[in-house]
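Colleague: Here it is, the structure in full.
The values are calculated or read from the model by the stated rules, or taken from the named source; none is laboratory data. Quantities reported herein were computed from a predicted structural model and do not represent experimental measurements. Quick reminder, even Gly has a Cβ in these numbers, built from the backbone with ideal geometry, and neighbours come from all protein chains shown. For the accessible areas, the whole protein counts, side chains as well, though only heavy atoms, and no ligand, DNA or RNA atoms are used. Shrake-Rupley method; radii C 1.70, N 1.55, O 1.52, S 1.80 Å.
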Amino acid sequence: MEKYTELLKNAYEAMDNAYAPYSNFHVGACVKTKDGKYHKGANIENASYGLTNCAERSALFHVYSLGYRQDDIECMAIVGQGNTLITPCGACRQVLVELLKRDTPIVLGTGEKVLVTNIEELMPMAFTSDDL
Ligand SMILES: [Zn+2]
């Protein structure tokens, strides 16, 4: 897990930037690109709850906005409060299927717990552009 120490540190730091006045549940994410850069994202809520953007989507959309694509992404982390590992919601899984390679490591962290997975494990039999 040591290889993900810096990634997780950045993800936990991103939690501080969460805008979560409704849930008070702060989530942080970080995408590491293959050029060695770390890109943070946090959950951004809205009074119209459905418009809330999750941390992992915030981070990934930012990375794509900078011009990176899935081949440029080394790994990502998603971390939250409490003692239960948080996993991406259904909407985020659909986004991750499109924007990450199937085997890109996704590191989930909460407190002492860390789990390394990928979108293939999190969302088998996903609907993709192959289905169009
Ligand atoms: Zn989500």
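Colleague: Residue by residue, what Karplus-based ³J(HN,Hα) values in Hz, rounded to whole numbers, does segment 64-74 have, using 6.51, -1.76 and 1.60 with θ = phi - 60° and x for Gly and Pro?
Modeller: 5, 5, 7, x, 6, 10, 4, 5, 8, 9, 8
Colleague: Give me a comma-separated list of calculated 3J(HN,Hα) values for segment 116-132, in order, Karplus coefficients 6.51, -1.76, 1.60 applied at θ = phi - 60°, integers in Hz, x for any Gly or Pro.
Modeller: Running phi through 6.51 cos²θ - 1.76 cosθ + 1.60 with θ = phi - 60° gives 9, 9, 8, 6, 4, 6, 6, 8, x, 6, 5, 7, 9, 4, 5, 8, 7 Hz.
Colleague: If you count only protein heavy atoms with a 1.4 Å probe, what accessible area per residue comes out for segment 1-103, rounded to a whole Å²? Intermediate results must be reported in sequence, preceding the final value.
Modeller: Details: 5370 Å² over 103 residues.
It amounts to 52 Å² per residue over segment 1-103.
Colleague: Size of the dipole of the chain about the Cα centre, Lys and Arg at +1 and Asp and Glu at -1 on the beta carbon, nothing else charged, in debye to 20? Can you show the working numbers first?
Modeller: Numbers: 12 positive and 17 negative charges, 37 e Å.
Roughly 180 debye, rounded to the nearest 20.
Colleague: Gln94 to Tyr19: FRET efficiency via 1/(1 + (r/R0)^6), r the Cβ-Cβ distance, R0 22 Å, to the nearest 0.05?
Modeller: Numbers: r = 23 Å, r/R0 = 1.03.
Computed FRET efficiency for Gln94 and Tyr19: 0.45.
Colleague: Ignoring ligands, DNA and RNA, please state the percent of accessible area on the chain from carbon and sulfur, probe 1.4 Å. Each step should come with its number before you reach the end.
Modeller: Working: 3700 of 7140 Å².
For the chain, the apolar C and S fraction of the accessible surface comes to 52 percent.
Colleague: Please list 3J(HN,Hα) in residue order for segment 6-14, calculated via the Karplus relation 6.51 cos²θ - 1.76 cosθ + 1.60 where θ = phi - 60°; whole Hz, with x for glycine and proline.
Modeller: 5, 4, 5, 4, 5, 5, 5, 4, 4
Colleague: Next up: With viscosity set to 0.692 mPa s and temperature to 37 °C, compute the Stokes-Einstein D of the chain, Rh being the Kirkwood radius across alpha carbon pairs; µm²/s, no decimals.
Modeller: Details: Rh = 14.7 Å.
It diffuses with D of about 224 µm²/s by this estimate.
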